[in-house]
Amino acid sequence: MNTTWGKLYGVGVGPGDPRLLTLLAIDVLQTVDVVAIPKSKLERESVAWDIAKVHCPKEVRLIELELPMTSDQQILAKAWQDGAQTLLGELKQGKSVAFITLGDPSLYSTYSYLLNILQEELPPECIATVPGITAMAAAAAKINLPLATGDEPLLILPSTDDVGDYLNFPNLVLMKVSRRLPEMLTLLEERGRKAVLLTRLGQPGEAIRWEPKALDFGSEKVDYLSLLLVKKDLLGRKNSESDRRN
Ligand SMILES: C[S@@+](CC[C@H](N)C(=O)[O-])C[C@H]1O[C@@H](n2cnc3c(N)ncnc32)[C@H](O)[C@@H]1O
């Protein structure tokens, strides 16, 4: 018997402010049968849901998927497989499902791993990825700073221990900095690079720190939702920002 599949949407909900969803994302959230919420632990709150919920009908069915943050590949593979099977269960019954994800679904999102599995099973017309505003776009907008202009390249990096070679790049976005912030700042300081740290953009607790120093972060655990923008003319920008405010 042929299956009449429901449609899977991977919906980017932007970085925090619920007004930063696209009209398409809102349309999808208002019409799907099920909203799937990825969580690192089921008992935790979901930032993506906090952002998306104002756009969803009260009666929409929610399913939570536990997708832990770990480097253990076996645990990850099982979680992605379980998550994909849960979604397939809904899609097989003809239900439409929106898998919500912070920022844009194509940038460091667990959606990509589930998508890999689901693409094996679903016809291509049953999958639609809805782009979202990335955290780095929100960061640049927040401080009125272009990420790159003209012919300049832009490098987006996760904060891993082998980033050293890239840190002289003129325009940098360092994501997932939280646990490695002092280490990243030390590497940047050694190279004379200036950075701005942006945390929880568009969310309660939003913070901007110009020129953060490694020493200031000895024992402080920095929020996971933080990134560093690094640019060669950053201080000029900072000064014109404060000039504007004065
Ligand atoms: C798993 S990645 C998700 C990126 C997301 N898909 C995007 O398009 O921006 C998580 C990282 O994105 C950055 N991030 C996401 N939301 C943020 C926010 N509201 N404020 C600052 N950084 C954020 C942080 O660097 C965080 O460690």
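Looking across the stretch 124-174, the residues that are touching a strand residue (DSSP E or B) at 6+ places or on another chain (Cβ under 9 Å), within 20 Å of residue 184 (Cβ to Cβ) and of a type in the set (Ser, Thr, Tyr) come down to 134, 159, 166. Among the residues of the stretch 152-175, is there at least one that is within 11 Å of the ligand (Cβ to nearest atom), of a type in the set (S, T, N, Q), in a helix (DSSP H, G or I) and open to solvent by less than 20 Å² (accessible area, probe 1.4 Å)? Checking the stretch 152-175: not a single residue is within 11 Å of the ligand (Cβ to nearest atom), of a type in the set (S, T, N, Q), in a helix (DSSP H, G or I) and open to solvent by less than 20 Å² (accessible area, probe 1.4 Å).
Does residue 193 qualify as being open to solvent by less than 70 Å² (accessible area, probe 1.4 Å), outside the structural domain of residue 21 (by TED's automatic domain parsing) and more than 25 Å from residue 15 (Cα to Cα)? Judged against the criteria, residue 193 is a match.
Within the stretch 116-139, being within 14 Å of the ligand (Cβ to nearest atom), surrounded by 21 or more Cβ atoms within 10 Å (Cβ to Cβ) and not in a loop (DSSP other than H, G, I, E, B) holds for 130, 135, 136, 139. For the stretch 196-211, a residue qualifies if it is more than 9 Å from the ligand (Cβ to nearest atom) and open to solvent by 10 Å² or more (accessible area, probe 1.4 Å), and the qualifying residues are 204, 205, 207, 208, 209, 210, 211.
Counting only residues that are open to solvent by less than 20 Å² (accessible area, probe 1.4 Å) and touching a helix residue (DSSP H, G or I) at 6+ places or on another chain (Cβ under 7 Å), the stretch 57-90 holds 6 of them.
The values are calculated or read from the model by the stated rules, or taken from the named source; none is laboratory data. Values in this document were obtained by computation on a predicted structure and should not be read as measured data. In this analysis, Cβ positions are derived from the backbone assuming ideal geometry, glycine residues included, and neighbour counts consider all displayed protein chains. We work out accessible area using only protein heavy atoms, side chains counted, and drop any ligands, DNA or RNA first. Shrake-Rupley method; radii C 1.70, N 1.55, O 1.52, S 1.80 Å.
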